[in-house]
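Novice: Could you have a look at this structure, given as structure tokens, before my questions?
The values are calculated or read from the model by the stated rules, or taken from the named source; none is laboratory data. Source: prediction; values computed, not measured. Note that each Cβ is placed from the backbone with ideal geometry, even for glycine, and that neighbours are counted across all protein chains shown.
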């Protein structure tokens with residue numbers, strides 16, 4: 001019996017180590033933003049996304065899913081993908097807009113917290129969809145802001161722009177609508193717009209080939225132009241939900257997370 005408890009404890013601990021890594025990234029992102037090291041803060045947030053992707057997969061691999069893990073993961077996510085990006089964007093851009101900038105940052109953080117609360121509530125019922133999320137996942141929203149900050153810092157420092165120049169020229173325009181960008185992402189997180197979860201084990205052959213081709217193309221872009229490619233990947237994912245509403249009329253929404 002003791003061996004079984006020890007084994008179960010190890011199964012729960014394994015994914016929690018990656019969740020702690022995620023939380024550490026959020027904590028150090030806050031410290032970096034506090035001393036105006038915004039590129040470092042953005043990098044920490046992106047590293048937190050990597051840890052967040054791993055903890056769930058590790059939990060499923062070792063059969064270590066638990067209520068504790070769900071709650072701990074949400075706390076880490078709120079710090080790294082809710083509080084840290086809002087604080088980073090406020091320090092970098094939004095403070096110049098006074099109370100409106102502060103309100104935009106709060107809307108983002110509030111949207112993230114509500115998104116995570118809804119995720120947990122539905123997860124506890126066991127009714128979550130394997131194909132779609134309801135609303136923009138909070139790591140995707142944080143990833144877009146972090147990738148934006150990396151490119152914004154390059155533009156501000158006057159570093160030379162090579163390939164994917166049009167992407168770089170888009171950054172100042174997005175900076176001008178900073179409050180709308182941040183608040184808009186917060187609202188997308190609490191929306192009911194479906195976003196692909198990429199959890200399906202079995203895909204149609206044609207669709208599977210398209211996904212493989214897209215992944216290969218993204219890998220090549222990330223290798224040669226990392227900041228630009230990461231930004232484009234997050235932009236495409238954020239817009240994919242909105243494009244889905246235009247391309248097809250959604251059916252009655254299913255319960256998903």
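Novice: Can you say whether residue 128 is in contact with a helix residue (DSSP H, G or I) (Cβ under 6 Å, 6 or more places away or on another chain), buried (at least 18 other Cβ atoms within 10 Å of the Cβ), closer than 19 Å to residue 19 by Cβ and modelled with pLDDT under 95, as far as the supplied structure shows? Walk me through it before giving the result.
Specialist: Details: in contact with a helix residue (DSSP H, G or I) (Cβ under 6 Å, 6 or more places away or on another chain): yes; buried (at least 18 other Cβ atoms within 10 Å of the Cβ): yes; closer than 19 Å to residue 19 by Cβ: yes; modelled with pLDDT under 95: yes.
Taking the combined requirement at face value, the residue satisfies it.
Novice: Which ones in segment 134-183 are out of contact with any strand residue (DSSP E or B) (no Cβ under 9 Å at 6 or more places or on another chain), at pLDDT 90 or above and not in a helix (DSSP H, G or I)?
Specialist: Correct list: 177 only.
Novice: Another question, then. Tally the residues that are free of Cβ contacts under 8 Å to residues at least 60 places away in the same chain and within 12 Å of the chain's Cα centre (by Cα), restricting the search to segment 25-47.
Specialist: Start the filter on segment 25-47 by keeping residues that are free of Cβ contacts under 8 Å to residues at least 60 places away in the same chain, which leaves 25-37, 40, 44, 47.
Narrowing further to those that are within 12 Å of the chain's Cα centre (by Cα): 47.
Of the residues in segment 25-47, 1 are free of Cβ contacts under 8 Å to residues at least 60 places away in the same chain and within 12 Å of the chain's Cα centre (by Cα).
Novice: Sticking with this structure for a sec: For segment 46-55, check the following and say yes or no: at least one residue is outside any helix (DSSP H, G or I), crowded, with 17+ Cβ neighbours inside 10 Å and modelled with pLDDT under 95.
Specialist: Here is the first cut: in segment 46-55, the ones outside any helix (DSSP H, G or I) are none.
Taking every residue of segment 46-55 in turn, none turns out to be outside any helix (DSSP H, G or I), crowded, with 17+ Cβ neighbours inside 10 Å and modelled with pLDDT under 95.
Novice: Restricting to segment 62-98, name every residue that is at pLDDT 90 or above and part of a loop (DSSP other than H, G, I, E, B).
Specialist: Once the filter is applied, which keeps residues that are at pLDDT 90 or above and part of a loop (DSSP other than H, G, I, E, B), segment 62-98 yields 93, 98.
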